[in-house]
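The values are calculated or read from the model by the stated rules, or taken from the named source; none is laboratory data. The model shown is predicted, which means the values in this text are computed figures rather than measured ones. We place every Cβ from the backbone using ideal geometry, glycine too, and count neighbours over all the protein chains shown. We work out accessible area using only protein heavy atoms, side chains counted, and drop any ligands, DNA or RNA first. Shrake-Rupley method; radii C 1.70, N 1.55, O 1.52, S 1.80 Å.
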Amino acid sequence: MNDQPRGPRKPGKPYRRPQKDPVRILAFDALRAVDERDAYANLVLPPLLRKAREKGGFDGRDAALATELVYGTLRRQGTYDAIIAACVDRPLREVDPPVLDVLSLGAHQLLDTRIPSHAAVSATVELARVVLGDGRAKFVNAVLRKVAQDDLDGWLEKIAPPYDEDPEDHLALVHAHPRWIVSALWDALGGGRNGIEDLLEADNERPEVTLVARPGRATTEELLREDAAVPGRWSPYAVRLTEGGEPGAVDAVREGRAGVQDEGSQLVAAALAAAPLDGPDEKWLDGCAGPGGKAALLGALAAGRGAVLLASEKQPHRAGLVARALRGNPGPYQVIAADGTRPPWRPGSFDRVLMDVPCTGLGALRRRPEARWRRRPEDLDALAPLQRGLLRTALDSVRVGGVVGYATCSPHLAETRAVVDDVLKQHPGAELIDARPLLPGVPALGDGPDIQLWPHLHGTDAMYLALIRRTA
C-alpha cells in the first residue's frame, strides 16, 4: 500500500490523501487471495466480511456490495479481460496482476452494476491510489475512461464474433465462459442454441442458499419457521433461504442437525437410498465422503433403517470435516481416512455404495465462478484414471444384488457416461438401473437410465448420477 505522492507536484496543487473505501479494499483483497493462493472466493470472503464487521462501521449493505463486486468480477473475468485488452497499449500479460484486478473491479462496476459511471471510475481510481500508488492510479484512470465509453452490449458487439461465424467463441465472450467449457456443456446438452444459452446464463446467477434437514435430527417444518425460508423444489429434505438468508443464524445449522447442501446433492443421496435391493440393507459406504454433506444425509437415512454407514475420505483433514458433519448422527457410523483406490475393507462388504468422485466441478460454476477460468482441458486427462479406478472399487465393494451410485458435480461427458461405459465394459457382472423413477416429481431427467441435473432446468448444481446393480 502506498498513499504517498510520486514525482513532483504541480505548483499550487496540494497533495490529497486517497480516500480509503473499506468495501472496495475488501473486494480487492479477496480477488488477490483468489489469484495468488488459488483460493476460492466462497472460502476467502466470509472471514474477510466477518473481520470487517467486527471492526465496526461495516453494515449489511456494505457486505452485499463487497460480495457482488467479488463474485461479479470473477464471473465475467474473461470478458472483462477482453474488454480491458482493447483499451490498453500492451499485451494483457504485461499488466501487473494487482493492476488487472483493480481494472476488472472497475470494469464490473461500469458494465454490470447500477453504479453511475463517474462514481465507478472515481471510486476505482481512489482504490488504485490506496493499493497501487498514484502513478499506476493514473493508468487505471485512463483505461477505465476508455471502458466507460460504451456499455456491456456495445463492447460485446466489438469483441465477440457474430454467432453465425463462430458460435462457440461468441457464446464464450457474451456469457463469460472459456470456449472449451462452452463446447463441453453444449455436447452434454445434446445441441440447440436455446439450451446452451439458458445454461450459461444460469451459471452466471448466484444460487440461493439451500439447507438440508437431516432426518431424525431436524425437519423441514422446523427450518421453514426461519425468516425468508421456502420449501425446496424437489428434495423432501430441502429448504431454500431467499432474500439473503444467513444459514449461520439458523439454530439447527449451528447445532449440526441441518446443513447447507445443494438440492442436487440431496437428490443424489436420496436416489441411492431409495434404489431397490436384492437381499439385506445393513451396510452402506460413502467412498469419497469429503467434505461430508452427502455422508451426513446418507448417515441419517441409514440410521432410520437400522443400517450402518462407513464414510471414507483419502485426505485426513477432509475426513475431519466428514466426522464433524456426522457428529450426532442418530445411528452408528464410522469415519476413516483411506485411499478409495486401495481400500482397507473386503470386497463385497456393502449393500449400498456412493462414489461421488473428484472432478472438474463444472457443475458448480454458480458457486465457484473462478473455477471456470482455473480449470483446463488437460485436467480431464489427469482425473480420468482416478474416476475409473474409484468406480471399479465401488463395484468390487458392493455385494451381488447391491447398488452403486456413481456421481460427479460435472456434466462433462468425459467424466460421466464415458467413465460409466468404460468400466461396465470391463465388469460384465453389473448393469445400469433406471434412476429416474427414484426422483419422483423431478422433470426433464432425459432418456435415462442415468440422470443429469441442470442449473437452468432444475435450479440445482449440474449433478450427474448413474445407479449400477451388481449382478454377479
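Determine how large the accessible area of T341 is when every protein chain is in place; take a 1.4 Å probe and give Å² rounded to the nearest 10.
T341 exposes around 60 Å² with every protein chain in place.
Given a 1.4 angstrom probe, what's the average accessible area per residue across segment 256-367, in square angstrom?
37 Å²
Using R₀ = 45 Å, calculate the FRET efficiency as 1/(1 + (r/R₀)^6) where r is the Cβ-Cβ separation of E246 and D447; round to 0.05. Numbers along the way, then the final one.
Working: r = 40 Å, r/R0 = 0.90.
Step by step, r from the Cβ atoms, then E = 0.65.
So if I restrict to the alpha-carbon atoms in segment 314-443, what is the Rg, and what is Dmax, the biggest pairwise distance, in Å?
16.1, 43
Going by alpha carbons, how many degrees (0 to 90, nearest 10) lie between the helix axis of 378-397 and the longest principal axis of the chain?
Approximately 20 degrees, to the nearest 10.
So how far, in whole Å, is the C-alpha centre of segment 392-466 from the one of segment 220-265?
26 Å
Report in % the part of the accessible area of segment 249-296 that belongs to carbon and sulfur, leaving out ligands and nucleic acids; probe 1.4 Å.
Carbon with sulfur: 52 percent of the solvent-accessible area.
Can you sort D59, D203 by solvent-accessible area, 1.4 Å probe, largest first? Kindly include the intermediate steps, with their values, before the conclusion.
On the way: D59 70, D203 5 Å².
From most exposed to least exposed: D59, D203.
Provide the per residue accessible area, probe 1.4 Å, for segment 36-95, rounded to a whole number of square angstrom.
Working: 3260 Å² over 60 residues.
Using a 1.4 Å probe on heavy atoms only, each residue of segment 36-95 averages 54 Å².
Heavy-atom accessible area of D227 with all protein chains present, probe 1.4 Å, nearest 10 Å²?
The value for D227 is about 130 Å².
Calculate, for E157 and N194, the FRET efficiency according to 1/(1 + (r/R0)^6) with r their C-beta to C-beta distance and R0 22 Å; round to the nearest 0.05.
0.55
Between A119 and R93, what length in nm is gained on full extension when 0.36 nm per residue of separation is reduced by their alpha carbon distance?
6.6 nm
With the other protein chains left in place, how much accessible area per residue, in square angstrom, belongs to segment 152-251 at a 1.4 angstrom probe?
Details: 4780 Å² over 100 residues.
Per-residue accessible area for segment 152-251 comes out at 48 Å².
Identify the residues of segment 119-156 with backbone N under 13 Å of a label point that sits 7 angstrom from the Cα of D21 along the Cα-to-Cβ direction, or state none.
Inside the label zone: 119-131, 141.
On average over all directions, what projected area in square nanometres does segment 61-185 have, based on the convex hull of its Cα atoms? Could you put the intermediate results ahead of the total?
Numbers: hull surface 32.8 nm².
Projected area, direction-averaged: 8.2 nm².
Per q in 0.20, 0.27, 0.28, 0.32 1/Å, what log10 I(q)/I(0) does a Debye calculation on the alpha-carbon atoms of segment 422-472 return?
-0.71, -1.01, -1.06, -1.24
Using unit Cβ charges (K, R positive; D, E negative) and no other charged atoms, how large, in debye to the nearest 20, is the dipole of the chain about its Cα centre?
Working: 61 positive and 65 negative charges, 378 e Å.
Roughly 1820 debye, rounded to the nearest 20.
Say each of A472 and D166 gets a label point 7 Å from the Cα, pointing the same way as Cα to Cβ; how far apart are those two points in nm?
Each label point lies 7 Å from its Cα, and together they span 5.2 nm.
Using a Förster radius of 56 Å, what is the FRET efficiency between D434 and K138 based on their Cβ-Cβ separation? Nearest 0.05, please. Provide the component values of the computation, followed by the final result.
Working: r = 64 Å, r/R0 = 1.14.
About 0.30, to the nearest 0.05.
Pulled fully out, how much extra length does the chain show between R392 and D278, if you take 0.36 nm times their separation in residues and subtract their Cα-Cα distance? Please report the intermediate quantities before stating the final value.
Details: separation 114, 0.36 × 114 = 41.04 nm, distance 2.05 nm.
Working it through step by step, the gained length comes to 39.0 nm.
From largest accessible area down, sort R24, R136, R305; use a 1.4 Å probe on the protein chains.
Numbers: R24 25, R136 80, R305 110 Å².
Result, largest first: R305, R136, R24.
Express as a percent, rounded to the nearest 5, the fraction of DSSP beta bridges in the chain (both residues included) that run antiparallel.
Values: 22 of 40 bridges.
Counting DSSP beta bridges with both partners in the chain, the antiparallel share is about 55 percent.
Ignoring any ligand, DNA or RNA, what whole percent of the accessible area of segment 351-447 comes from carbon and sulfur when the probe is 1.4 angstrom?
On the way: 1930 of 3570 Å².
Roughly 54 percent, rounded to a whole number.
Length gain on complete extension for the stretch L224 to R327, per 0.36 nm per residue less the alpha carbon to alpha carbon distance?
Numbers: separation 103, 0.36 × 103 = 37.08 nm, distance 2.33 nm.
Stretched fully, the L224-R327 segment lengthens by 34.8 nm.
Charges at C-beta only: +1 for Lys and Arg, -1 for Asp and Glu. How large is the resulting dipole of segment 193-321 about its Cα centre, in Debye rounded to 20?
Numbers: 14 positive and 21 negative charges, 111 e Å.
Dipole about the Cα centre, nearest 20: 540 debye.
How large is the accessible surface of W186 in square angstrom, using a 1.4 angstrom probe and rounding to the nearest 10?
40 Å²
Name the residue farthest towards the positive end of the dipole of segment 424-472 from the options L439, A472, Q452, assuming +1 on Cβ of Lys and Arg, -1 on Cβ of Asp and Glu, about the Cα centre.
A472
Expressed as a whole percentage, what fraction of the accessible surface of segment 95-140 belongs to carbon and sulfur atoms when a 1.4 Å probe is rolled over the protein heavy atoms?
On the way: 890 of 1550 Å².
Roughly 57 percent, rounded to a whole number.
Assign one of three labels to segment 182-311, namely rounded, prolate or oblate, based on the Cα gyration tensor with a ≥ b ≥ c the square roots of its eigenvalues; rounded applies when a/c is under 1.5, prolate when it is not and a/b is larger than b/c, and oblate otherwise. Can you show the working numbers first?
Values: a/c = 2.38, a/b = 1.22, b/c = 1.95.
In terms of gyration-tensor shape, oblate.
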